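In what follows, a single structure is set out as structure tokens and then discussed.
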Amino acid sequence: MQNDFLPNFILCNTTQRFVRSARVPPVPVQKPSVPYAKPNFYCGTPDLNSAYQSFARLYCGFFGVPHTFSLVKLLGSRSLPWLIRALLDNISNKITTVEPMITGLQEALPKSIGLLPFDGGISGCMRLAKEHLSCWHSKSELKAEVLCGIKEIGSVLYWMGLLDIVLREVDTRQFMQTAPWLGLIPGADGQILHSQEGGDSPMVTLFKSATTATMSNPNCKNPTSFHTISRQAEAADLLYKANINTGSVLEYALAFTSAALDKYCSKWSAAPKTGFIDITTSKDFYRIFSGLQIEYLEESVQLQSNTYEMLGDSVAWGGCTIIYLLGQQLHFELFDFSHQVLNVAEVESVAISPTQKNPNFLQGIEGLLEAMKKARRLNNHVFSMLKARCPLEDKQACAIKQSGAPLHRIKFENTVSAFETLPQKGA
């Protein structure tokens, strides 16, 4: 997966599938040769072989949920944690690799980057954004390396989400098979209840009663083996009950990624000197990703390059996850170049009549605006998933002392909305 899947496969978020990129890998992928076997040993008969080949042809063009099921079944519960750990280490290594590259992009940014003006229109906003990012023109290879690193991080995290879905389905299937023997029943609110509080499960009761009945028979010559069976039933009961409430692989991966980012938090998420949000001087990660995103979108649309076929939707998953875990989602949504251009486009579409619009200009800009809208929808989708699976319990804010001096990074717990605590009408 590290040598072929992560660098050479791209994600389509709509179909939840990874497909091989059109980009030719710089280094040929080394794969073990397929073992030779006689055709009659594949599926038994030529007809079954032909039917299997037609079925397998449907799954050979992508990598998704069916392949994840096969991986879980192939590796089993003993070897799967090794794969998960290797992929998490890959995330940590990628963050370490792209850190100096992002530092290079940060240092190249101008000292001041203001908000895009509404009175300049779409063309004025795009021109100003290009001026801000003109310092990156000589860093094409650096930008490509950063985007590929973010893309691989996003691919790992998205596949962890698919793995989480598959493991939950496998656990649910096993639970349905074992629950009657363990004496477990689902409660009204989805919790797991014991049908016999304080007593043995039906499986243990069955083997105990069978052991007691067998030992009471005078013809039983070896009762020890039945005692062993009864004890094994009790051990199996404990093991199955312990594995019912399994954790989430995706949530663990997000926690691991957050811990890996802590090392670079001071570089990628610096505390503002005044205590308030820096609009013009900030060089945090969200601003780097914002600049990379608008350049990436413009290149893929206006120059009609195959940039999208090389990166896919994993870039959004990787970039938005890092932004969210660094606590920069609000900053990104306020100051992202694409968001600002779309806001200006909405105002301009209302203020300017269709007869005043330049048709040649519209043909060139509509594709870019559509790409920006798609990127914004995908970013919002990723942020919504992250809020659901990895909620940030504590908020960080800035308090103002009586002297007027800011007090940085005050933590306070999320509280219930005041509207939820108001008395209901008619109560």
Per-residue Cβ contact counts at 10 Å, fewest first, order 257, 321 as 257, 321
With x for Gly and Pro, the residue-by-residue ³J(HN,Hα) of region 129-144, computed from phi through the Karplus equation 6.51 cos²θ - 1.76 cosθ + 1.60 at θ = phi - 60° and given in whole Hz, is 4, 5, 5, 4, 9, 5, 5, 9, 4, 8, 10, 4, 5, 5, 5, 5
Interchain or sequence-distant (5+) residues whose placed amide H lies within less than 5 Å of the amide H of residue 9 are 21
Of 94-107, 56-69, ordering from highest average Cβ density within 10 Å down gives 94-107, 56-69
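We did not get these values from a lab; they are worked out from the coordinates using the rules stated. Source: prediction; values computed, not measured. Cβ coordinates were reconstructed from backbone atoms using ideal geometry, including for glycine residues, and neighbour counts include every protein chain displayed.
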